[in-house]
């Protein structure tokens with residue numbers, strides 16, 4: 001199974017609790033690690049988390065972005081936990097837009113967990129659906145691929161998630177019922193679960209509700 005999660009309503013969670021906006025960063029991060037471990041315990045093979053969009057990198061103020069970068073830099077401390085749980089860490093999309101120090105930390109975590117096999121954790125950073133398609137087209141143009149052989153399946157090798165199976169279940173927390181352009185190429189047959197829980201409040205019970213929902217879905221595949 002491949003589970004994708006759009007971790008939404010973090011800043012608004014802090015506002016609803018009358019907390020300074022900076023408080024959501026740690027709550028977001030801590031809950032992400034909790035859910036990752038729960039997913040691993042439930043023997044779900046693949047989990048992908050949308051952590052930072054390309055738009056976030058442009059539109060968020062400098063103070064908030066600095067907190068996000070600090071959290072990324074904290075990932076190095078999680079290596080022992082990832083190793084203990086046999087979790088492999090990967091990133092997708094354009095991490096080169098992050099500071100060099102953050103890029104190096106992400107590369108280190110990926111390298112040191114590369115032999116783990118129980119759960120494959122992928123974190124989407126600096127992501128935009130349109131940007132992904134543009135970069136895929138550029139890869140195609142710069143490749144030796146015969147354009148006459150191009151179809152939906154062969155194009156997939158040029159997108160960032162080409163080494164991952166398509167999503168089975170996509171969970172979005174918060175009140176918004178939309179996909180926000182999250183990995184559209186690989187989600188045509190995905191099931192969506194829109195949770196009213198804000199991400200920092202998303203817990204094991206709500207995760208189980210989402211998984212129960214998925215188990216009761218009648219899935220039709222036409223490809």
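A few points about this structure:
- Test: residue in the stretch 46-55 that is farther than 23 Å from residue 182 by Cβ, at pLDDT 75 or above and in contact with a strand residue (DSSP E or B) (Cβ under 6 Å, 6 or more places away or on another chain): no
- Single residue of 13, 28, 24, 9 found to be part of a loop (DSSP other than H, G, I, E, B), modelled with pLDDT under 90, in contact with a helix residue (DSSP H, G or I) (Cβ under 7 Å, 6 or more places away or on another chain) and surrounded by 15 or more Cβ atoms within 10 Å (Cβ to Cβ): 9
- In the stretch 82-107, the qualifying residues are those that are closer than 17 Å to residue 162 by Cα and in a loop (DSSP other than H, G, I, E, B), and the one that is farthest from the chain's Cα centre (by Cα) is 94.
- Of the strands (runs of 3 or more DSSP E) lying entirely inside the stretch 108-219, those containing at least 1 residues that are in contact (Cβ under 8 Å) with a residue 60 or more places away in the chain span 119-127, 169-172.
- Taking the criterion of being modelled with pLDDT under 90 and over 17 Å from residue 3 (Cβ atoms), the residues of the stretch 112-126 that qualify are 125, 126.
- The one condition from (1) out of contact with any strand residue (DSSP E or B) (no Cβ under 6 Å at 6 or more places or on another chain); (2) surrounded by 15 or more Cβ atoms within 10 Å (Cβ to Cβ) that residue 170 does not meet is (1).
- In the stretch 127-162, the qualifying residues are those that are within 23 Å of residue 219 (Cα to Cα) and loosely packed, with under 15 Cβ neighbours inside 10 Å, and the one that is nearest to the chain's Cα centre (by Cα) is 162.
- Qualifying residue in the stretch 182-203 (condition: surrounded by fewer than 13 Cβ atoms within 10 Å (Cβ to Cβ), touching a strand residue (DSSP E or B) at 6+ places or on another chain (Cβ under 6 Å) and modelled with pLDDT under 90): no
- Contacts under 6 angstrom Cβ, first residue in the stretch 54-81 being on the phi < 0 side of the Ramachandran plot and part of a helix (DSSP H, G or I), partner loosely packed, with under 15 Cβ neighbours inside 10 Å and at pLDDT below 75, 6 or more apart: 67/22
- Among the criteria (1) surrounded by 13 or more Cβ atoms within 10 Å (Cβ to Cβ); (2) without any contact (Cβ under 8 Å) to a residue 60 or more places away in the chain; (3) at negative phi, the one residue 84 does not fulfil is (1).
- Flag for residue 91 being touching a helix residue (DSSP H, G or I) at 6+ places or on another chain (Cβ under 6 Å), at pLDDT 85 or above and buried (at least 18 other Cβ atoms within 10 Å of the Cβ): yes
The values are calculated or read from the model by the stated rules, or taken from the named source; none is laboratory data. The structure displayed is predicted, hence computed values, not measured ones. FYI the Cβ positions are ideal-geometry reconstructions off the backbone, even for glycines, and counts take in every protein chain you see.
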